[in-house]
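Each reported figure results from applying straightforward, stated rules to the coordinates on display, with no laboratory input. Remember, predicted model here, so these are calculated numbers, not experimental data. For neighbour counting, all protein chains shown are included, and Cβ atoms are generated from backbone atoms with ideal geometry for every residue, glycine included.
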Amino acid sequence: MTVAEYIADQLYKIGVRYVFGVPGGPSIPYIESFRSAGIGFVLTAHEAAAGIMAGVSARLTGTPGVCHATYGPGAVNLASGAGAAFLDRSPVIILTSEMDDKMIQRTTQMNINHQKLFEPLTKATFRMTPGNAAEVMHKAIKICSDEYPGPVHIGLPSDIADCKVEASDGYIYVDPRIVFSNNTDNIVSLLQKSRKPLIAAGLTSARYKIGSRLVRFLDNNNIPVVVTPMAKGLLPENHPCYAGVLFHSLSDYLEDIFRETDLVIGLGYDPVEYNYESWMPDVPLVIFNTIETDLPEISRIEQFTGHPDEWFRILNTIEIESSFFNRSAIQSVRSETIAVFNGFTDHFGPVTAFKILQEELPADTILTIDVGSHLHLAGQYWKTSGKQNLVMTDGWSSMGFGLPAALAAKIVSPDSTVVCVTGDGGFLMTAGEILTARRYNLQVITVVFTDGELNLIKLKQSWQNISPYGTILYSGDLFDSSNFFGIRVINADSEESLRIAINEGLSLNKPVIINARIDPEDYQWLIAGKKS
């Protein structure tokens, strides 16, 4: 095979069916090889969106996502998508064109060192040759999926696509990580002594989809559970042990539970979302994770690293008494937050908008959320019913995530209803992807909460007693038209008009934008304040 054919063949064999990106001249042989192998090339408006789409497709399918960019500016644009895969823990293979060996060290147009560019944003970076192509592909596929999953970059010199791949010696990848020594005796001792434990479940638990095992464990152990934002959906919101989401709207109400806790059990908790010391009380901490967690000084820490099957093997051998946390205490916290949210539904603000979306959309809707004040609200308020269909970024936390994420979700799950909720700031960052939706006729409903400002930054300025500055996006209406890039825009400025807009969007076999003109003032009362 040629190098281009070999890469396509290896990707197809592991289940890859789409590559996202923007091509350059040297990309042509690779795109042709993808097409011949049965892999579609999805043209995006911007390379950063391609990286996000690759990461989200990996999250939803379990198969590594793949994205591609050309020299220099294309690679730099794609770097933001690499960061998203890196800190959101998504297995992604990044392909970029590079100068050939004659020009790589020369001063020439669009030439930068891609290896140095991607080194801090990936788990590994390689420069492929016909001689190492087999080794590099084997390494990339393995490394990107190892714990924690993340991106691997492969640089493709511009003159190797049509070269024949040289014979491989049967390369075998050996994971270089040191196995962490587990002291289960100390862990068991702490669990047995605890009378008021709290479970904090996080991103790793979500990735391994441990929800059903967690429910079975809680059937025999009356322990409150808090989740990080990206673990939303592990437990149904009506489960008697579900207490709420850390760091998101009204999460300060959880302090009533933290105050009485005598042990925190971190279950697949990845501090990339929210560091332990930012919220937990001064009590011992037992961590169950797939790799060792880096931590500051906490009163007492015990770690177990291994597969979730091993976590529950240990947990299920112990009867954990929980005499303090009766279910009415957990219900009290939940009832308080619900009551506060309900107090903001008498006008057309963000709570009302989410309430209508929840009522009108099918229960199995995949909802992608962009970064902003609305994300903090959705994370706490949205009801998943135990379905992990709420897609967000919290490790990378980049505005502009929501729309590309929704397009990727629709591509890999074409029979699902897919809705994106974004603020106008995030929408403007990736508005060009509306043409991607139009090009491939992706039936995605994009709900834009338009308030004309970067509300979350405005709130953070107010917490520092600084008057708003540099946060106004525009005056008047964002769209001021019934079409945007050829896509229909439906305006909504009331509960009734939003219901009509959603149902009209669901009935159309094409992408649609809903311009939801909300009152943003609710956020100042609903966002957990003064966090960085």
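Taking every DSSP beta bridge with both residues inside the chain, roughly what % is antiparallel (nearest 5)? Could the numbers behind the result be given before it?
Working: 4 of 69 bridges.
So the antiparallel bridges in the chain amount to around 5 percent.
Report the FRET efficiency, 1/(1 + (r/R0)^6), for ILE28 and LYS164, where r is their Cβ-Cβ distance and R0 is 25 Å, rounded to 0.05.
Values: r = 18 Å, r/R0 = 0.73.
It comes to 0.85.
Could you line up PHE427, PHE118 from fewest to most neighbouring Cβ atoms inside 10 Å? Write down the numbers at each step before the final one.
Values: PHE427 29, PHE118 25.
Least crowded to most crowded, the residues run PHE118, PHE427.
Pop a pseudo-label 7 angstrom from the Cα along the beta-carbon direction at both ASN220 and ASN503 and give the gap in nm to one decimal.
With each label point 7 Å from Cα toward Cβ, the separation is 4.8 nm.
Between ARG313 and ALA339, with labels modelled 7 Å along Cα→Cβ, what's the label distance in nm to one decimal, could you check?
Label at ARG313, label at ALA339, 4.7 nm between them.
Charges only on Cβ, +1 for Lys and Arg, -1 for Asp and Glu: so what's the dipole of the chain about the Cα centre, in debye to the nearest 20? If you can, show how the numbers build up before the last one.
Numbers: 41 positive and 58 negative charges, 136 e Å.
Rounded to the nearest 20 debye, it is 660 debye.
First check a/c for segment 81-167, with a ≥ b ≥ c the square roots of the eigenvalues of its C-alpha gyration tensor; if it is under 1.5, answer rounded, and if not, answer prolate when a/b is larger than b/c or oblate otherwise. Walk me through the numbers before you get to the answer.
On the way: a/c = 2.91, a/b = 1.35, b/c = 2.16.
In terms of gyration-tensor shape, oblate.
Please state, to two decimals, what the Cα-based radius of gyration of segment 3-157 comes to when divided by 2.2 N^0.38 Å (N = residues). Don't skip to the end; give the middle numbers.
Values: Rg = 13.7 Å, N = 155, 2.2 N^0.38 = 15.0 Å.
Scaled against compact globular proteins, the figure is 0.92.
Which FRET efficiency, nearest 0.05, do ASP364 and LYS102 yield, Cβ-Cβ r, R0 41 Å?
Details: r = 54 Å, r/R0 = 1.32.
It comes out at approximately 0.15.
Take the residue pairs LYS383/LYS410; LYS355/LYS410; LYS209/LYS458 and return only those whose Cα atoms are more than 28 Å apart. The partial results should precede the final answer.
Working: LYS383/LYS410 21 Å; LYS355/LYS410 23 Å; LYS209/LYS458 36 Å.
In this structure, LYS209/LYS458 exceed 28 Å between Cα atoms.
Under a cut-off of 17 Å between alpha-carbon atoms, report the lysines in cross-link reach of LYS123, not counting same-chain residues fewer than 8 places apart.
LYS139, LYS142
Relative contact order, percent, of the chain when contacts are C-alpha pairs under 8 Å separated by at least 6 residues?
Numbers: 1116 pairs, mean separation 66.6, N = 532.
Result for the chain is 13 percent.
What Kirkwood radius, in Å to one decimal, follows from the Cα pairs of segment 395-527?
With all distinct Cα pairs of segment 395-527 included, I get 15.6 Å.
Taking every Cα atom in segment 255-409, find the radius of gyration and the maximum pairwise distance Dmax, and write them in Å.
Computed over the Cα atoms of segment 255-409, radius of gyration and Dmax are 18.4, 51 Å.
Hey, if you drop one equal point scatterer on each alpha-carbon of segment 433-508 and run the Debye formula without solvent, what base-10 log of I(q)/I(0) do you get at q = 0.12, 0.17 Å⁻¹?
Debye output, listed in q order: -0.48, -0.81.
Let me see the P(r) profile for the chain: every Cα-Cα distance counted, bins of 20 Å, each bin given as a percent of all pairs.
Values per bin, smallest distances first: 22, 51, 26, 1.
Expressed in nm², what is the orientationally averaged projection area of the convex hull enclosing the Cα positions of segment 184-331? List each step's numbers first, then the result.
On the way: hull surface 30.4 nm².
Average projection, Cα convex hull of segment 184-331: 7.6 nm².
For a test of the definition: using alpha carbon positions, the gyration tensor, and the 1.5 limit on a/c, classify segment 358-461 as rounded, prolate or oblate. Let's see the in-between values first.
Details: a/c = 1.92, a/b = 1.22, b/c = 1.57.
Oblate.
Would you mind pulling out the separation of the Cα centroids of segment 478-532 and segment 68-137, in Å?
Comparing the Cα centres of segment 478-532 and segment 68-137, I get a distance of 37 Å.
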